[in-house]
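A.B. asks: This is the structure, below, for whatever I ask next.
Just so you know, all these numbers are worked out from the coordinates, no wet-lab data involved. This one's a predicted model, so the numbers in the text were calculated from it and none came from an experiment. Quick reminder, even Gly has a Cβ in these numbers, built from the backbone with ideal geometry, and neighbours come from all protein chains shown.
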Amino acid sequence: HPHKPDAQGGTCVWSSFAVDRGPGMTILSIYIPYFNLVKNLTSAFPNVHSISQFHQKAPAVCCCSKAQSGQKYADPFKLGWRDLKGLYEDIRKELFISTTDLKEMAEYYFDGKGKALRPIIVVLMARACNIHYNNSRDMQASQRSVALVAEMIHTASLVHDDVIDDASSRRGKHTANKLWGEKKAVLAGDLILSAASMLLARIGNIAVTTILSQVIEDLVRGEFLQLGSKENENERIAHYLEKTFNKTASLIANSCKAVSVLGCPDPVVHEIAYQYGKNVGIAFQLIDDVLDFTSCSDQMGKPTSADLKLGLATGPVLFACQQFPEMNAMIMRRFSLPGDVDRARQYVSESDGVQQTTYLAQQYCHEAVRQISKLRPSPERDALIQLSEIVLTRDK
């Protein structure tokens, strides 16, 4: 069964499952015997008796929190925010709109209370690539603009997701669709996307425009994948990971690639940046799906078990289904019968679904660290390594 990551690095056991479709796009597909790989996972964690215990133990498994010198890495958020002062004010300036209603809606999510994870990763990657290429301590204005574009595309996707899901809360407050109605919320999301497109055009780099345009296509593809489900059990995890790439990881991967293109002409560096973003992005979403089962709504700022209520089978459910085949019928009917959600939650709690999903996230983070470690050492590169552990150990 899969080996644990070691401190020295090494090939990620899941990397063989990643199949490139082309230079700008990756589809995650899983070799069918994959499920056999995880059957013995519990033996790897003999002291784990509950979901919460496992989640607390996760940092002990990931050995990337310290530099080889033994020094603790810099706080990636503090380091990243040095280049992001005025981030949300700058985004609001991009949303220059005369219609009061539309302006209020478009600015609603840019209140500075989000994690800003994507812009942080983007500016850290920009500096790491600049230092790697010519030891430059400067960051280009165009690279910072990519961080704004990434946050705007992400936020527009949240506004549209909330409409599709009929969600009532996001980041601890009411959603735009609940406050202004679905029709206006759709238009607000469109407006944010159009402002992001204008900013992207002003960067004036055709390659970067192409790379970030791919993100918007992937977001739509991911949403379509989420609307469907696979009857074949062996195809479900591939379908789930492809959806996860499209909906979450593509934005991070392609934003990282975009700033590397602006800062360095070497395609090898572009691929390192892309692979780091892809792997961290998938891990981030896997942990998000775990937290849907392990966190209370106060921590997450949104209702837990939200995915089950939407009829979605995420990692913990798909792994639980391997131990409890009776879940198949529930997955296919998208947990639509009375009691399905509660029963599915119970099956997940009695299974190794959360542990296996967390373990899979660790493998993706391990691969992200392996990739970024190819760059020349710098505080920003080390902060990106530290960020991969923060992704694994967060509780909201």
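A.B. asks: Within 12 Å, Cβ to Cβ, of Lys178, how many net charges do the neighbouring residues add up to if Lys/Arg are +1 and Asp/Glu are -1?
C.D. replies: -1
A.B. asks: OK, next. Please list, ordered by chain and number, the residues whose modelled amide H lies under 5 Å from the amide H of His174; skip anything fewer than 5 residues away on the same chain.
C.D. replies: Answer set, sorted by chain and number: none.
A.B. asks: Place a point 7 Å from the Cα of Val268 along the Cα-to-Cβ direction; which residues of the stretch 370-384 have their backbone N under 13 Å from it?
C.D. replies: Correct set: 374-376.
A.B. asks: Which ³J(HN,Hα) values, rounded to whole Hz and listed in residue order, are derived for the stretch 194-204 from phi using the Karplus coefficients 6.51, -1.76 and 1.60 in 6.51 cos²θ - 1.76 cosθ + 1.60 with θ = phi - 60°, glycine and proline given as x?
C.D. replies: 5, 5, 4, 5, 5, 5, 4, 4, 5, 4, x
A.B. asks: How high is the FRET efficiency between Ser169 and Asn135 when r is their beta carbon distance and R₀ equals 41 Å, given to the nearest 0.05?
C.D. replies: Efficiency, rounded to the nearest 0.05: 0.30.
A.B. asks: If you don't mind, there's one more thing I want to ask. Starting at the first residue of the stretch 143-153, write each ³J(HN,Hα) from the Karplus equation 6.51 cos²θ - 1.76 cosθ + 1.60 with θ = phi - 60°, in whole Hz, x for Gly and Pro.
C.D. replies: Taking θ as phi minus 60°, the curve returns 5, 5, 4, 4, 4, 5, 4, 4, 5, 5, 4 Hz for the stretch 143-153.
A.B. asks: Turning to a different aspect of this structure: At what distance in angstrom do the alpha carbon centres of the stretch 238-292 and the stretch 332-356 lie from each other?
C.D. replies: Value for the Cα centre distance between the two parts: 29 Å.
A.B. asks: At R0 = 45 Å, how high is the FRET efficiency between Arg376 and Cys296 if r is their beta carbon distance? Nearest 0.05 is fine.
C.D. replies: 0.60
A.B. asks: Go through the stretch 210-215 residue by residue and turn each phi into a ³J(HN,Hα) via Karplus (6.51, -1.76, 1.60, θ = phi - 60°); whole Hz please, and just put x for glycine and proline.
C.D. replies: Computed from phi, the couplings for the stretch 210-215 are 5, 4, 7, 5, 4, 4 Hz.
A.B. asks: Ranked from highest to lowest mean number of other Cβ atoms within 10 Å per residue, what is the order of the peptides 127-135, 315-323?
C.D. replies: Descending packing order for the listed peptides: 315-323, 127-135.
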